[in-house]
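I have placed the structure first, in the form of structure tokens, so that the comments after it can refer back to it.
The numbers here are math on the coordinates, done by the rules we state, and not lab data. Remember, it's a predicted structure, so these values are computed and weren't measured experimentally. Backbone-built Cβ (ideal geometry, glycine too); neighbour counts: all protein chains shown.
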Amino acid sequence: MTLFILCIDGMDYDEVLRFGLGLEYNNKLTIPEELHRYGRPFTPNVWPSIFTGRVVIHPLYKQNQIWGPRAKVREFLTRRGITWRRQGFKIFRGEDRQRMDLEKATYTHWPRCVDKTVLDGYNNFTFDIPSVSNTFAMREPKASTEFWVWLSIFANYFNHFDFGIVALYAHKLDGYAHRMMDYSKLYHEVFDLAKRLSKRHKVMIISDHGTVDGEHTLFSYLGCTEPVHATNVLEVKRDIERIME
Ligand SMILES: [Zn+2]
């Protein structure tokens, strides 16, 4: 039996419940403020922290002094319905943010920044987790297509092998949510896949934060077919170890 860990960037606990989805166990997790940027959970910091059980700040990430006040201004405007996305010097306002798809893509690479993770303790296959795998490159403005890759290939493929842990990451939902696109279908697809896998395997779904109304929320989602006790993202490692005993 394999533990499948589906790492879904931006999956929100409250949205999971709103769509009537979930696994046998569902926890809402807090996220240490040290992992924030602009006052919100920052993806390249949260994932390595989840899989090491300690606060990890990606070494390529540097906070500068204007980010604190900038976050406050941004929140003030967002609350008044003024939302935008910036790409270089271009600003896309409100609904216009969907137009970013038509613009030229840029890439940000978040390479592995940790020596050892909980995944390394087992015979594992790990795909594309920011700061944990070495492969993740965020493509802006379009979210990458990897979501469909593992839906159509990995899940079926790894069903037939004797891995301890298969951990697969997808960024697409976060990309949709940032651009205020309808992401309900993506939520359902993740749980359809989890349900299919759970017939033969243990399944965990974990996010680094939710993404709702175009912004990261302050909580992340943990769902599992096995009992889990974590209430903070740093405690997920211990749940994984217990499930694997
Ligand atoms: Zn994220």
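Here are a few things to note about the model shown:
- Cα→Cβ-extended label distance, 7 Å offset, between Asp213 and Arg18, nm: 1.0
- Arg70-Asn232 pseudo-label distance in nm [points 7 Å out on the Cα-to-Cβ vector]: 2.8
- Cα coordinate range in region 184-226, projected on the principal axes (Å, largest first): 36, 22, 9
- A cut-off under 14 angstrom between Cβ atoms defines the neighbours of Lys72, and their net charge, with Lys, Arg +1 and Asp, Glu -1, is +4.
- Each of Phe161 and Lys28 was given a label point 7 Å from its Cα along the Cα-to-Cβ line. The distance between the two points is 3.8 nm.
- Potential lengthening of the chain between Ile153 and Ala137 amounts to 3.7 nm, from the contour at 0.36 nm per residue minus the alpha-carbon distance.
- Two-site FRET efficiency, Asp115 against Glu189, from Cβ-Cβ distance with R₀ of 35 Å, rounded to 0.05: 0.55
- Grouping the Cα pair distances of region 155-234 into 5 Å bins from zero gives a pair-distance distribution of 3, 12, 22, 23, 19, 14, 6, 2, 0 percent in increasing distance order.
- Val228 sits among other residues whose Cβ lies under 10 Å from its own Cβ, and their net charge, with Lys and Arg +1 and Asp and Glu -1, is -2.
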